[in-house]
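Trainee: Below: one structure in structure tokens.
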Amino acid sequence: MSSRDFEQIHNHYERLVLEEVARRAAQYPHFTDALLADVACMALNRLPARYVRHDADLMFYLTDEERRDTTAAVDEAVTAGFAQVNQRAPRLVPVS
């Protein structure tokens, strides 16, 4: 088995969190790219690891309730990530 057999393996939550951080970034205009990356890391650390090869395969097997739970978990984790980074970087980011 070569290493390329593993190239598709990734944490399902990564794409979801990165998309949500990018979507909310406009609400935090003083956040640098580095701070947004910190937000993503904080959010991902709040979520369980869920490794998959293909996101579409996982989504096919999830129930509607599991999809809602996933969306809510990502929303909560990203909200907490922004709050945590905002609190710890007050000199860089104006607290509103």
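No lab work stands behind these numbers, since they all come straight from the coordinates. As the structure is a prediction and not an experimental result, all values here were calculated from the model. FYI the Cβ positions are ideal-geometry reconstructions off the backbone, even for glycines, and counts take in every protein chain you see.
Trainee: So if I place +1 on the C-beta of Lys and Arg and -1 on the C-beta of Asp and Glu, and nothing else carries charge, what would the dipole magnitude of region 3-88 be about its Cα centre? I want it in debye, nearest 20. Display every interim value, and only then the final one.
Mentor: On the way: 10 positive and 15 negative charges, 50 e Å.
The calculation lands at about 240 debye.
Trainee: Residue separation times 0.36 nm, minus the C-alpha to C-alpha distance between Ala22 and Gln8: what's the value?
Mentor: Length gained between Ala22 and Gln8: 2.8 nm.
Trainee: Give the residue from Val78, Ala49, Phe6 lying farthest towards the positive end of the charge dipole for the chain; charges sit on Cβ (+1 for Lys and Arg, -1 for Asp and Glu) and the dipole is referred to the Cα centre.
Mentor: In the chain, that residue is Val78.
Trainee: Moving to a separate point now. Say the dipole of the chain comes from +1 at the beta carbon of Lys and Arg and -1 at that of Asp and Glu; which of Val21, Ala37, Ala89 then lies farthest toward its positive end?
Mentor: My answer, from the dipole projection, is Ala89.
Trainee: I would also like to ask the following. If you work out P(r) over Cα pairs in 10 Å bins from 0, in percent from the coordinates, which of [x] 14, 44, 32, 8, 1, 0; [y] 15, 42, 27, 14, 3, 0; [z] 13, 40, 34, 11, 3 do you get?
Mentor: Checking each listed value against the structure points to [y].
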